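The values are calculated or read from the model by the stated rules, or taken from the named source; none is laboratory data. Just so it is clear, the structure is predicted and the values come from calculations on it, not from any experiment. We place every Cβ from the backbone using ideal geometry, glycine too, and count neighbours over all the protein chains shown. Calculation scope for accessible area: heavy atoms of the full protein, side chains included, ligands and nucleic acids excluded. Shrake-Rupley method; radii C 1.70, N 1.55, O 1.52, S 1.80 Å.
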Amino acid sequence: IFAKISNKNLLFFLFILYLVVDYWCIFRLFYFNLLIIKNTMSVTKDQKKKLIEEFAGKGNSGAPEAQIAILTAEIENLKNHLQTHKKDNHSRRWIMLMVAKRRKMLAYVKSTNPEKHSEILEKLSIRK
């Protein structure tokens, strides 16, 4: 079939094919980037700021209470992500690491201030 097509027509056909493939690649890049931006798994700056102010006071982002609250929000986001993407083992590993880190911070808060520990558990509804 290509033997009957002249070189000029063949070049035109290949050029059109290139444009279609190139358009599809560009569309795919933009579309999936927009999807990734819309469906973020991380906690936004505003959410972090609210959690820090609620649990540790203004500007005290290093407090264990604030870190526990941020980790809890990230764990909840990842939990929702893993419900839809069951085979995402990379995220599953990260959620396990975050749970371990939160558990260590909760143990630290419990040893230093047991009242604060029970208050955090109540506010975040982590345990019974």
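Could you list, in sequence order, the residues of segment 86-128 that are in a helix (DSSP H, G or I) and either touching a Gly at 6+ places or on another chain (Cβ under 6 Å) or among the β-branched types (Val, Ile, Thr) (or both)? Result: Ile95, Val99, Val109, Thr112, Ile120.
Restricting segment 73-93 to residues that are surrounded by fewer than 16 Cβ atoms within 10 Å (Cβ to Cβ) and among the charged types (D, E, K, R), which is nearest to Leu121 (Cα to Cα)? In this case the residue turns out to be Glu76. Here's a check for you: in segment 43-72, which residue that is surrounded by fewer than 19 Cβ atoms within 10 Å (Cβ to Cβ) and hydroxyl-bearing (Ser, Thr, Tyr) is farthest from Lys123 (Cα to Cα)? My answer is Thr44.
Scanning segment 47-85 for residues that are more than 21 Å from Leu97 (Cβ to Cβ), touching a helix residue (DSSP H, G or I) at 6+ places or on another chain (Cβ under 8 Å) and not in a helix (DSSP H, G or I) returns Ala56, Lys58, Gly59, Asn60. For beta carbons closer than 8 Å, sequence separation of 6+ or different chains, a first residue in segment 100-128 that is without any contact (Cβ under 8 Å) to a residue 24 or more places away in the chain and a second that is not in a helix (DSSP H, G or I), the qualifying pairs are Leu121/Arg127. Thr84 meets the conditions (1) under 16 Å from Ile52 (Cα atoms); (2) free of Cβ contacts under 8 Å to residues at least 24 places away in the same chain in every case but one. The failed one is (1).
Restricting attention to segment 114-124 and to residues that are out of contact with any Asp or Glu (no Cβ under 9 Å at 6 or more places or on another chain) and open to solvent by less than 90 Å² (accessible area, probe 1.4 Å), the residue that is farthest from Phe55 (Cα to Cα) turns out to be Pro114.
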